[in-house]
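Written below as structure tokens is the structure these notes are about.
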Amino acid sequence: MGKEPRIVMAKESLWISLDKVKVEYEFRNDSDQDITTEVAFPIPDYELDPQMPEPNWEGFDDFQLWVDGVAKKFQTESRAFLKGKEITALLRHDRIDVATFGHGTWDKPSPEIARLASSEKKTLAVAGAIDADDLQPQWTVRKKYHWTQTFPAHGTVKIRHEYTPVPGSENSISYGLGSNPYKQAAQEIMSMCPDGKLLPTLKRLAMSNEKDAFYTYVDFVLTSANTWKTPIEDFTLTVERVRPKDSPASFVSFCWNGPIRKVDEDHFEAHVTNFTPSRELRVGYFIEQKRLKF
């Protein structure tokens, strides 16, 4: 959707955990006329991930929506991109489902690609949409949920939605903080902004012979709020720490400019007024575990 400066996002309450993302909004129309427009909620872009055996999970297909407490229907749009260039039409021409990579997995070729004639496979390979050798999809999915919404004059509309997030890559922190770190893993870990106290703890775990920890993360698109009249008048972020039964300790970390309040042992809250998001949000989770010995 384009920018809609006539509607104010009076309030946004965002809850993030590894199991659920929940968002509640209050939109206010201060004008003298009813305004009907499209509301769109984009999810983070995703690719076919070798660590996700079921890539259709990445579609967030349990997305649910309520408007003023009543369940509402919505539409879904999935588009395919390759190095910034859209190739959706190319894939749809061959009847390949964009969002689920043709209903394939990283270790099993897509049946929708496998059934194509050799000439069609070659066309996709030349375009870079699939790997020429193993036929694996190479595109990035850009997906959003959207619906038409009327905002009454001088009225407030409450919108709530929730879904199960798909965590990012799950790797040992030793890959990024160990004695021979991988650049990509190190960059991923630092993108979660482990603070001055947490980073030394993670480094000790990465170098330990007895303990280890793996990291994962949940991404959320914050800047879509800027399509409305900015700023967000009242914004609250609540992050929940995960505590697996078989883990002696766990940590959570995210980048935030401003104070973060510890609500209790497992919940952290950031509250700000007149907030204009300038970047997306990544919440990192670090789960301690015993180091496997072979």
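Ranking Lys290, Lys262, Lys144 by Cβ neighbours within 10 Å, fewest first, what do you get?
On the way: Lys290 12, Lys262 9, Lys144 17.
Ranked by crowding around the Cβ, least crowded first: Lys262, Lys290, Lys144.
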Read phi for every residue in the stretch 32-40 and hand back ³J(HN,Hα) as whole Hz from Karplus 6.51 cos²θ - 1.76 cosθ + 1.60, θ = phi - 60°, with x for Gly and Pro. 8, 10, 5, 10, 10, 8, 8, 10, 10
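Can you classify the stretch 178-238 as rounded, prolate or oblate using the Cα gyration tensor, where a ≥ b ≥ c are the square roots of its eigenvalues, rounded means a/c under 1.5, and otherwise it's prolate if a/b beats b/c and oblate if not? All intermediate terms of the calculation are to be shown ahead of the outcome.
Values: a/c = 3.67, a/b = 2.61, b/c = 1.41.
Because a/c hits 1.5 or more and a/b exceeds b/c, the stretch 178-238 counts as prolate.
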Can you list residues whose amide H is under 5 Å from Leu65's amide H, if they're 5+ apart or on another chain and H is modeled 1.01 Å from N? Lys72
Which residues does a label at Glu233 reach in the stretch 241-258, if reach means a backbone N under 20 Å from a point 7 Å past the Cα toward the Cβ? none
Please give the length that would be gained between Glu265 and His154 if that part of the chain were fully extended, namely 0.36 nm times their separation in residues minus their C-alpha to C-alpha distance (nm, one decimal). 35.9 nm
Contour excess over end-to-end distance, with Cα ends at Thr140 and Ala127 and 0.36 nm allotted per residue: 3.3 nm
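Ignoring everything except DSSP H segments at least 4 long, calculate the 222 nm mean residue ellipticity for the chain; use -39,500 (n - 2.57) per segment, divide by total residues, nearest 500. Show your work: numbers first, answer last.
On the way: 6 runs with 42 residues, N = 294.
Calculated from helices alone, the mean residue ellipticity at 222 nm is -3500 deg cm²/dmol.
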Provide the FRET efficiency to the nearest 0.05 for the His93-Asp195 pair, computing r from the beta carbons and using R0 = 35 Å. 0.10
Rounded to whole Hz, the Karplus (6.51, -1.76, 1.60) HN-Hα couplings of the stretch 215-228, x for glycine and proline: 10, 8, 7, 10, 9, 9, 7, 8, 6, 5, 5, 6, 6, 9
Within 10 Å of each candidate Cβ there may be at most 16 other Cβ atoms; applying that plus a DSSP loop requirement, which GluC sites (Glu not before Pro) in the stretch 131-189 survive? Glu170
If you add up the charges near Leu116, with Lys and Arg at +1 and Asp and Glu at -1, over every other residue whose beta carbon is less than 15 angstrom from its beta carbon, what do you get? -1
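Multiply the residue gap between His103 and Lys72 by 0.36 nm, knock off their C-alpha separation, and tell me the result in nm, one decimal place. Display every interim value, and only then the final one.
Working: separation 31, 0.36 × 31 = 11.16 nm, distance 2.72 nm.
Going from the current span to full extension adds 8.4 nm.
Treat the count of other C-beta atoms within 10 Å as a stand-in for reagent exposure and order Phe268, Phe63 from fewest to most. Walk me through the numbers before you get to the answer.
Working: Phe268 20, Phe63 17.
Taking fewest neighbouring Cβ atoms as first place, the list is Phe63, Phe268.
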For Asn171, list long-range residues whose amide hydrogen, built 1.01 Å from N in the peptide plane, is under 5 Å from its own amide hydrogen. Tyr215
When the Karplus curve 6.51 cos²θ - 1.76 cosθ + 1.60 is applied with θ = phi - 60°, which whole-Hz ³J(HN,Hα) does each residue of the stretch 271-284 get, with x for Gly and Pro? 10, 8, 10, 6, 9, 10, x, 10, 7, 7, 10, 10, 9, x
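Enumerate by residue number the trypsin sites (Lys or Arg not before Pro) in the stretch 79-130 meeting two conditions: DSSP loop (anything except H, G, I, E, B), and at most 14 other Cβ atoms within 10 Å of the site's Cβ. Could you put the intermediate results ahead of the total?
Values: sites: Arg79, Lys83, Lys85, Arg92, Arg95, Arg115, Lys121, Lys122; in loops: Lys83, Arg95, Arg115.
Of the trypsin sites (Lys or Arg not before Pro), the ones in loops of the stretch 79-130 whose Cβ has at most 14 other Cβ atoms within 10 Å are Lys83, Arg95, Arg115.
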Quick check: Cα centre of the stretch 100-162 to Cα centre of the stretch 237-270, how many Å? 32
Using alpha-carbon positions, the gyration tensor of the stretch 135-181 gives root eigenvalues a ≥ b ≥ c; with a/c under 1.5 called rounded, otherwise prolate if a/b exceeds b/c, else oblate, the class is prolate
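The numbers here are math on the coordinates, done by the rules we state, and not lab data. A quick note: this is a predicted structure, and the numbers were derived from the prediction, not measured. All Cβ positions, glycine included, derive from the backbone under ideal geometry; neighbour counts span all protein chains shown.
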